[in-house]
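Inspection log for the structure reproduced underneath, given as structure tokens.
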Amino acid sequence: MKYVVVLCDGMADESIEQLGGKTPLEYAKTPNMDTLAPVSEVGMVHTIPEGMSPGSDTANLSVLGYDPKKYYSGRSPLEALSIGVDMEDSDIAIRCNIVTISDDDVPFEEKTIIDHSSSEISTEDAAVLLNAVREAVETDEYKFYVGTSYRHCLIWKGGKVEKLSQPHDVLEQVIKPHLPANEVFLAMMKKSYEILKDHPINVARKKAGLNPANCVWFWGAGTKPMLSDFTEKTGKKGAMISAVDLLKGIAIGANMNVIEVEGANGGLHTNYTGKMDAAVKAVTEEGNDFVYIHIEAPDEMGHQGSFERKIKAIENIDEMIVGPFVKKMVEKGEDFRMLILPDHPTPVRLRTHTADSVPYLLYDSTKKTGDGVLYCEKCAATTGHFTAQGHNIIEKLFEA
């Protein structure tokens with residue numbers, strides 16, 4: 001038996017008036033999930049422990065079977081593992097987004113944060129911009145590392161964990177109440193704006209109708225992570241497929257295989273087919289028992305506040321990952337169990353994460369069970385299947 005998680009980041013949502021009261025998942029054309037759902041277990045799972053922030057870090061740890069209350073040490077340290085940073089025990093890792101803030105003629109503190117991803121800037125352009133900032137502000141105590149797209153890392157040698165605001169939580173807001181209390185961080189942010197606001201890359205981006213990547217934003221501070229070995233924990237050899245450093249970092253920390261897919265970029269137009277092909281190969285040719293396919297697109301479209309693009313992301317997942325994966329596994333004669341779910345909701349109305357429970361679909365190719373319902377938030381809430389602690393959902397997947 002082979003096992004797969006299709007993790008549709010941020011896919012869960014609220015009813016939307018423009019969609020006739022449906023959620024994006026409910027509205028989207030998903031014929032493949034519609035075929036699987038009536039013969040699958042459909043239910044709800046709560047992935048965010050009480051009192052913890054509803055982030056992809058805590059939520060994906062839960063889905064992979066790691067209780068965030070025990071294993072979570074901060075978001076950025078997990079990303080640092082993926083980037084290749086060899087953290088010391090006294091290091092603090094901090095996420096360094098390159099964001100868009102307003103370029104109006106007001107003091108820095110009175111500017112507004114427009115876009116946490118700078119129009120999903122490419123890694124190549126972001127690296128040039130981050131290096132320009134690095135040359136001006138980096139010291140032996142504060143070291144910058146390039147990540148993926150807008151997501152980068154700052155290592156604070158001998159630092160301490162400080163409370164920092166997540167940029168995607170304060171979109172369209174004046175930044176003053178959300179700026180760091182740490183004067184060094186604030187000074188670096190101000191300096192980065194002066195360096196980046198007229199950088200040639202940003203001049204070109206504005207001419208092309210894209211948001212300028214004109215300021216660094218620090219958040220997600222944490223200490224060196226300590227995850228237990230996934231295979232020792234579950235008895236399954238696992239692989240991770242994701243474009244996002246956070247997920248790759250979790251996998252590295254858990255000694256899972258990390259599979260890189262060309263063209264996987266965490267956006268709406270990621271290489272869905274490449275991820276699907278890599279997942280099939282991982283469990284049929286490369287000796288893995290389990291593969292985790294993480295797709296960032298629904299979350300990014302939720303942060304953008306676009307239900308149209310979020311619907312498209314969900315339809316892409318159904319058309320290019322779910323359907324073809326099932327077909328290829330059947331053709332190869334492989335028995336498998338598939339768990340489809342979001343990690344957390346990212347409602348387009350809010351443009352940020354919530355801690356509400358999310359719907360899951362659990363399909364077993366060897367036996368047809370289920371309540372005959374479709375896969376959406378409303379249907380999943382009616383079946384009576386509920387997993388209160390998200391880190392137990394993987395045990396349900398691994399049940400024979």
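The values are calculated or read from the model by the stated rules, or taken from the named source; none is laboratory data. The structure presented is a predicted model; accordingly, all values stated were derived computationally and were not measured. Cβ sites come from the backbone with ideal geometry, for glycine too, and all protein chains shown count toward neighbours.
Brief remarks on what is shown
- Of all the numbered requirements in (1) crowded, with 19+ Cβ neighbours inside 10 Å; (2) touching a helix residue (DSSP H, G or I) at 6+ places or on another chain (Cβ under 6 Å); (3) over 22 Å from GLU88 (Cβ atoms), GLY253 misses one, and that requirement is (3).
- Odd one out for VAL170, checked against (1) β-branched (Val, Ile, Thr); (2) modelled with pLDDT under 95; (3) over 29 Å from ALA264 (Cα atoms): (3)
- Single residue of the range 124-134 satisfying the filter (in contact (Cβ under 8 Å) with a residue 40 or more places away in the chain and either acidic (Asp, Glu) or over 11 Å from VAL216 (Cβ atoms) (or both)) that is surrounded by the most Cβ atoms within 10 Å (Cβ to Cβ): ASP125
- Hits in the range 359-396 - residues which are farther than 15 Å from ALA37 by Cα and in a helix (DSSP H, G or I): GLY390, HIS391, ASN392, ILE393, ILE394, GLU395, LYS396
- Considering only residues in the range 233-248 that are basic (Lys, Arg) and over 19 Å from PRO77 (Cβ atoms), the one that is surrounded by the fewest Cβ atoms within 10 Å (Cβ to Cβ) turns out to be LYS233.
One line per residue, one yes/no per condition, for (1) assigned to a helix (DSSP H, G or I); (2) closer than 16 Å to GLY253 by Cα; (3) within 17 Å of the chain's Cα centre (by Cα):
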{"position": "ASN32", "(1), (2), (3)": "yes, no, no"}
{"position": "GLY51", "(1), (2), (3)": "no, no, no"}
{"position": "ASP57", "(1), (2), (3)": "yes, yes, yes"}
{"position": "LEU61", "(1), (2), (3)": "yes, yes, yes"}
{"position": "LYS70", "(1), (2), (3)": "yes, yes, no"}
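- Taken over the range 179-189, the residue count meeting the criterion of being part of a helix (DSSP H, G or I) and crowded, with 16+ Cβ neighbours inside 10 Å is 3.
- Verdict on ASP104 being under 21 Å from VAL216 (Cβ atoms), without any contact (Cβ under 8 Å) to a residue 24 or more places away in the chain and assigned to a loop (DSSP other than H, G, I, E, B): yes
- Within the range 202-214, if we keep just the residues that are under 26 Å from the mean Cα position of the chain (by Cα) and part of a helix (DSSP H, G or I), the residue that is surrounded by the fewest Cβ atoms within 10 Å (Cβ to Cβ) turns out to be ARG205.
- Considering the range 135-178, the residues that are basic (Lys, Arg) and closer than 30 Å to GLY10 by Cβ include one that is surrounded by the fewest Cβ atoms within 10 Å (Cβ to Cβ), namely LYS163.
- Test for TYR66: is it aromatic (Phe, Trp, Tyr) and either surrounded by fewer than 23 Cβ atoms within 10 Å (Cβ to Cβ) or in the same structural domain as LYS143 (by TED's automatic domain parsing) (or both): no
- Annotation note: Cβ proximity below 8 Å between a residue of the range 14-31 that is touching a residue at least 60 places away in the same chain (Cβ under 8 Å) and a residue that is surrounded by fewer than 16 Cβ atoms within 10 Å (Cβ to Cβ) and in a helix (DSSP H, G or I) (sequence gap 6+ or interchain) occurs for THR23/LYS378; GLU26/LYS378.
- Extreme residue, farthest from LYS310 (Cα to Cα), among residues of the range 260-275 that are assigned to a loop (DSSP other than H, G, I, E, B) and β-branched (Val, Ile, Thr): VAL261
- For the range 62-69, the criterion of being of a type in the set (A, V, I, L, M, F, W, C) and either farther than 21 Å from LYS197 by Cβ or in contact with a Pro (Cβ under 9 Å, 6 or more places away or on another chain) (or both) is satisfied by at least one residue.
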